[in-house]
Every structure is written in C-alpha cells, then in structure tokens.
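**Q** Dropping the structure in here first, questions after.
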Amino acid sequence: MFDHILDPTGLSRRPAPAAPAARRLPDLAGARVGLLDNTKQNAAPLLAELGRLLARDHGAVVSLQRTKHQFAFPVDEPLLKEMSAASDLVVVGVGDCGSCSASAVADGIAFERAGVPAAVICTEAFEVTARAMAEVHGDAGFEFLMTPHPVAVLDEDQVGARAAELLAAVVARVSEVRR
C-alpha cells in the first residue's frame, strides 16, 4: 500500500486531511475580489473581465490582482497571506495544462483553508488532473469551474464571452447566491 502520492506540482506529500470550505458570502455587494493569474495565456484578460463583471453586476470591488511567478507550483505562503488579508473572495485561473490545473486547484484549496472562498477555473481537458490534485490535498469534493479547452487561443471578444459564460458559476461558487 502506498502512503505517498506524487504531486505533479513537484511536491511529494501524504494525503492531507479534509478541511472545511470557507464560509460563502451572503452576497457580493462590496465584496473585495482578489484575482490570481497563473501566467497562462489569456488568464490575465479573462480574470480582469470577470472582475469587471463582478463589479458591474454584483457590486464587488477588485481589491487585488496578482500574478504567480510559476504556473506549475502552488501559491507561496507570502502571496497566500497577502491575498487572503485583502480579499473576501479569490478567483484563480486558468488551469489549461496538467501542472497548471493541478496547482490552480491546490491554490483554491489553500485559499479555502485560509477562510477565503475561491473560484478556480480549469479547462475541461484537464478535469482528471484537477480532481486528482483535489484528492491529493485532502478535498476530493473540491468544486472547481470548468470551461471549454483551450483558453490560450481565444481572441479578445472570445475571452469576454468566456468570462460572461463563467460569471454565474463564479458567483455561485463563492456566495450563497445561486444560479
């Protein structure tokens, strides 16, 4: 029997114990939104457009936009603390390859454990990788959002349309407001 699972983000760990999800927000009016860009092509414009839509349609405020230094590794502790302190919710994206999907899910779980609701966006092609990472991190039921693959090749109008398609799912993931 194995007691170690290899983590595709480069870490080796024993399966973590399950952790409760962060409390969902009653609504998003005035909520501080943190956007975590993993450096993948079109992640920044997709997240920026989601932030704009959250502000326009739900009264949220984008408080922080940060970019990870490496898409294949989970968010580092200083950035996790900075974003958790400045955000009522975090949107993470875009998981559209194996290691970046794995680390995006690991990031979402880390924010949830820090008490911040997280919406993680992964492409459908990497659902299996994302689910495996959630299990490695002790949260096999972690909910992440799926979008068609790929995101990297979308033009500006398509990125805007994709953000609009994801908006209701992001809101449902981080708040008590349901679709």
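The values are calculated or read from the model by the stated rules, or taken from the named source; none is laboratory data. Just so it is clear, the model here is predicted, and its values are computed rather than measured. Cβ atoms come from the backbone with ideal geometry, glycine included; neighbour counts cover every protein chain shown. Areas reflect the complete protein model, heavy atoms only, side chains present, ligands, DNA and RNA absent. Shrake-Rupley method; radii C 1.70, N 1.55, O 1.52, S 1.80 Å.
**Q** Residue by residue through region 113-135, note down the ones that are within 20 Å of residue 76 (Cβ to Cβ) and open to solvent by 10 Å² or more (accessible area, probe 1.4 Å).
**A** Once the filter is applied, which keeps residues that are within 20 Å of residue 76 (Cβ to Cβ) and open to solvent by 10 Å² or more (accessible area, probe 1.4 Å), region 113-135 yields 113, 114, 115.
**Q** Report yes if residue 108 is out of contact with any helix residue (DSSP H, G or I) (no Cβ under 7 Å at 6 or more places or on another chain), open to solvent by 50 Å² or more (accessible area, probe 1.4 Å) and among the small types (Gly, Ala, Ser), otherwise no.
**A** no
**Q** Now, a different point. State whether the residues of region 124-131 include one that is over 14 Å from residue 143 (Cβ atoms), within 9 Å of the chain's Cα centre (by Cα) and either of a type in the set (A, V, I, L, M) or at pLDDT 95 or above (or both).
**A** Step one: filter region 124-131 for residues over 14 Å from residue 143 (Cβ atoms), giving 124-126, 128-129.
Within this subset, residues satisfying the condition of being within 9 Å of the chain's Cα centre (by Cα) are none.
The answer is no; no qualifying residue exists.
**Q** With 12, 87, 103, 99 as the choices, which residue is modelled with pLDDT of 95 or more and of a type in the set (S, T, N, Q)?
**A** Testing whether each residue is modelled with pLDDT of 95 or more and of a type in the set (S, T, N, Q) leaves just 87.
**Q** Do you know which residues across region 155-179 are in contact with a Pro (Cβ under 9 Å, 6 or more places away or on another chain) and more than 27 Å from residue 109 (Cβ to Cβ)?
**A** Selection gives 156, 160.
**Q** Just to verify a result, which residue in region 136-150, among those that are at pLDDT below 95 and of a type in the set (A, V, I, L, M), is surrounded by the most Cβ atoms within 10 Å (Cβ to Cβ)?
**A** Here the answer is 136.
**Q** On to the next question. Scan region 38-48 and give yes if some residue there is part of a helix (DSSP H, G or I), open to solvent by 40 Å² or more (accessible area, probe 1.4 Å) and β-branched (Val, Ile, Thr), otherwise no.
**A** No, region 38-48 has no match at all.
**Q** Pick from region 156-173 the residues that are in contact with a strand residue (DSSP E or B) (Cβ under 8 Å, 6 or more places away or on another chain) and under 15 Å from residue 90 (Cα atoms): which of them is surrounded by the most Cβ atoms within 10 Å (Cβ to Cβ)?
**A** In this case the residue turns out to be 170.
**Q** In region 83-102, what residues are over 13 Å from residue 121 (Cα atoms), in contact with a strand residue (DSSP E or B) (Cβ under 6 Å, 6 or more places away or on another chain) and small (Gly, Ala, Ser)?
**A** Once the filter is applied, which keeps residues that are over 13 Å from residue 121 (Cα atoms), in contact with a strand residue (DSSP E or B) (Cβ under 6 Å, 6 or more places away or on another chain) and small (Gly, Ala, Ser), region 83-102 yields 86, 87.
**Q** For a quick check of your reading of the model, give me the residue pairs whose first member lies in region 153-179 and is modelled with pLDDT of 95 or more, whose second is among the hydroxyl-bearing types (Ser, Thr, Tyr), with beta-carbon atoms closer than 8 Å and at least 6 apart or on different chains.
**A** If the second residue must be among the hydroxyl-bearing types (Ser, Thr, Tyr), the pairs left are 162/147; 165/147; 166/147.
**Q** Checking the condition surrounded by fewer than 16 Cβ atoms within 10 Å (Cβ to Cβ), closer than 18 Å to residue 39 by Cα and of a type in the set (Val, Ile, Thr), which residue from 177, 153 passes?
**A** 153
**Q** Tell me the residue from 132, 119 that is touching a residue at least 12 places away in the same chain (Cβ under 8 Å) and more than 15 Å from residue 92 (Cα to Cα), please.
**A** So the residue among 132, 119 that is touching a residue at least 12 places away in the same chain (Cβ under 8 Å) and more than 15 Å from residue 92 (Cα to Cα) is 132.
**Q** When only residues in region 65-89 that are of a type in the set (A, V, I, L, M) and either in contact (Cβ under 8 Å) with a residue 60 or more places away in the chain or within 14 Å of residue 42 (Cβ to Cβ) (or both) count, which is most open to solvent (accessible area, probe 1.4 Å)?
**A** 72
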